[in-house]
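Participant: The structure that follows is given in the form of structure tokens.
The values are calculated or read from the model by the stated rules, or taken from the named source; none is laboratory data. Remember, predicted model here, so these are calculated numbers, not experimental data. Neighbour counts run over all protein chains shown; Cβ positions are idealised from the backbone, glycine included.
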Amino acid sequence: MYIKIRIPFTGVLLDLGIILITILTITSITLGVLYLDARNDISRLVTSLTNTESERVRLERLEKDTAAKLSVEAHARLDAEMAQRTAEETLAAELERINETFSDLARVTDTIEDLEKLAKTDKELLMKYSKTYFLNEHYIPSSLTEIDKKYTIGDDLKYFLAPAYTQLLKLMRAAEEDNVDLVILSAYRSGDHQAALKQTYTSQYGTGADTFSADQGYSEHQLGTAIDFTTRASGGSLTETFDTTPAFAWLQKNAAKYGFILSYPKGNTYYEYEPWHWRFVGRNLALDLRDDNKNFADLDQRTINEYLLELFD
């Protein structure tokens, strides 16, 4: 037995159509939504890319501006440093020029002062006078001062060159402080005095007087810078035995510090050995002669003259 079921075909088709339409609608809607989302994403991506490019451009511009600014600042700093360095160098050069100018001025001033000082210094004071070197018989020192009688022996007044007197006093006071028996027997002698003295010696010793007494115009005593030292213990005698006294030993050790030298030491070619006869030639020359173990009379006159400027220093 067969049962026949009748399915309404038309209704099925309708349902399938509805379902299909529904699916299509949903798909369309979904696709639309996806499209919109994709479009929005693309739009956002484009915007993002645009913004990124703009940012890149901005950053590049900022970098260039910064570099340019830094370059300007660097150049400005460099220019400032160069300007400062140039100013410092200019100032240094100017200071150096000023210093050189003042140095030149000082040298010129010193030269002028030296020339004035030299012009006021009697050139005869360092000349070599003995048997072969002549001093004008009428020569008189520019200024003489009386020697303190405390340091002399004999009743007559004794005189010494005024500018050198301070050094003579220092010498005598130093000897006194060291308890040395040292006194002055003779100092300045005029040309006439020297002539009279030589005549006296000649009458007593004949030509032998030439070995120890200078003629008029040849004596260092006429300069006012020579001293004959002796001792009170000897009664004021002048003999070679003076070199055995503490006074002579003291003079050998200390006289140069005050500018005095032994004029006629042993072995000199002018006069007999005179341990008592000392001459002021200035501290610098006296010390150099002592240190070099040289004699004044053996030096070249040109060499001696180099000390004239500092004679009283």
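Participant: Look at Glu220 and say whether it is at pLDDT 85 or above, of a type outside the set (S, T, N, Q) and within 21 Å of Tyr273 (Cβ to Cβ).
Facilitator: When the stated conditions are applied, Glu220 passes them.
Participant: With respect to Tyr273, determine if the residue is more than 37 Å from the chain's Cα centre (by Cα), crowded, with 17+ Cβ neighbours inside 10 Å and either farther than 20 Å from Leu223 by Cα or modelled with pLDDT of 90 or more (or both).
Facilitator: When the stated conditions are applied, Tyr273 does not pass them.
Participant: Still on this structure: Going by what's in this entry, would Asn136 be described as assigned to a helix (DSSP H, G or I) and either among the polar types (S, T, N, Q) or at pLDDT 70 or above (or both)?
Facilitator: no
Participant: What number goes with the only condition from (1) within 25 Å of Thr121 (Cβ to Cβ); (2) modelled with pLDDT under 90; (3) out of contact with any strand residue (DSSP E or B) (no Cβ under 8 Å at 6 or more places or on another chain) that Asp215 does not pass?
Facilitator: If we test Asp215 against (1) within 25 Å of Thr121 (Cβ to Cβ); (2) modelled with pLDDT under 90; (3) out of contact with any strand residue (DSSP E or B) (no Cβ under 8 Å at 6 or more places or on another chain), just (1) comes out false.
Participant: Also, quick follow-up: Hey, which of the helices (runs of 4 or more DSSP H) in the stretch 236-307, taking only ones fully inside, have at least 3 residues that are touching a residue at least 60 places away in the same chain (Cβ under 8 Å)?
Facilitator: Once the helices (runs of 4 or more DSSP H) in the stretch 236-307 are filtered for at least 3 residues that are touching a residue at least 60 places away in the same chain (Cβ under 8 Å), what remains is 246-254, 301-305.
Participant: Quick check on my filter: what residues within the stretch 281-313 are modelled with pLDDT under 90 and closer than 19 Å to Leu161 by Cα?
Facilitator: Asp313
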